[in-house]
Structure formats: C-alpha cells, structure tokens
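A.B. asks: Quick one: the structure is below, questions incoming.
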Amino acid sequence: MMLQRKLFLGARLKRLRRDRGLNQSQMADELGISGSYLNHLERNQRPVTAGILLRLAEAFDVDVKAFASEGGESGGATQLGEIFADPMLADLGVSRYELVELADNAPSVADAIARALHCGSRSPAPARRR
C-alpha cells in the first residue's frame with residue numbers, strides 16, 4: 001500500500017512565480033487554473049496536486065521530483081526545530097508554529113539561518129599569515 005501525503009508547496013510556488021517575474025494571474029494562466037486557486041495554493045490552503053506538478057514541469061521546466069521533495073510540508077521547520085533545540089537557543093522558547101510559519105512564509109530566511117548557524121558550528125578557518 002502506497003502512503004499518500006499532501007504536498008503543501010505554497011512558498012515554493014510563490015518563489016518560482018516571483019523568480020519568473022510573474023503575477024498570480026499570469027502564472028495561473030500558464031497553469032490553466034484560476035488566480036484564486038493559485039492564491040489558495042500559495043497560502044497552503046490547498047495541496048498541490050499531481051496535475052499541477054505536471055503543468056509546472058511543462059510550463060516552467062520544473063524538475064517535479066526536486067520541486068516536490070525539497071521539504072514538502074515541514075522540512076524547513078524540522079531543520080529549524082533542530083537548530084532552535086540547541087541549548088544556546090532553547091531558552092528563547094520559539095514554538096513549532098513559529099518555525100512552520102517562518103519556513104513556509106520566508107523560506108530564504110530559514111535557509112539563511114540554517115546556513116549561518118551551520119557555518120558557525122564549524123571550526124573557524126586558520127588565520128592567514130602575511
């Protein structure tokens with residue numbers, strides 16, 4: 001039995017649309033859907049269907065597997081949860097809800113936090129001598 005999961009990829013859709021310089025109406029036309037339906041998809045009020053993924057691949061040359069697997073429902077929030085569980089940050093009391101909101105609504109900021117804290121956890125590079 002194959003496990004089915006709903007794909008809420010609103011932040012990715014919005015980023016793709018903005019990267020292509022499109023407004024919601026233009027992207028909706030390209031996908032053959034209404035602007036209001038695209039708005040629901042971008043706000044994660046509706047899951048992205050297989051049909052929409054196929055249309056994204058066709059209209060925008062999107063790698064469907066990569067687009068759908070880059071975190072899906074809560075990958076970014078899970079990574080942020082691990083970061084904020086660190087004793088240095090745990091006392092801030094950042095809730096799971098806040099992490100999900102950050103990952104969904106500002107995925108680039110979430111990525112930047114993950115990179116910055118990951119880089120900070122590595123040993124600093126040795127100083128160069130002149």
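Please treat every number below as a calculation from the coordinates, not as lab data. Computed from a prediction, not measured in an experiment: that's the story for all the values here. Cβ placement follows ideal geometry from the backbone for every residue including glycine, while neighbour counts extend to all protein chains displayed.
A.B. asks: Compute the label zone of Asp61 within the range 29-53: residues whose backbone N is under 18 Å from the point 7 Å along Cα-to-Cβ.
C.D. replies: 30-31, by backbone N distance to the label point.
A.B. asks: Of Leu22, Ser36, Gly51, which is farthest towards the positive pole of the range 1-72's charge dipole, taken about the Cα centre with +1 and -1 on the beta-carbons of Lys, Arg and Asp, Glu respectively?
C.D. replies: Looking along the dipole axis, the top candidate is Ser36.
A.B. asks: Please compute P(r) over all alpha-carbon pairs of the range 10-69, binned at 5 Å starting from zero, and give each bin as a whole-number percent.
C.D. replies: Binned Cα distances yield the sequence 4, 21, 35, 31, 10, 0.
A.B. asks: Binning at 5 angstrom from zero up to the longest distance, how are the C-alpha pair distances of the range 75-121 distributed in percent?
C.D. replies: Whole-percent P(r) values from 0 Å outward: 5, 24, 35, 26, 10, 0.
A.B. asks: Please state the charge dipole magnitude for the range 9-113, taken about the Cα centre, from unit charges on C-beta atoms (+1 on K and R, -1 on D and E), reported in debye and rounded to the nearest 20. Write out the running numbers ahead of the final one.
C.D. replies: Details: 11 positive and 16 negative charges, 80 e Å.
Magnitude of the dipole: close to 380 debye.
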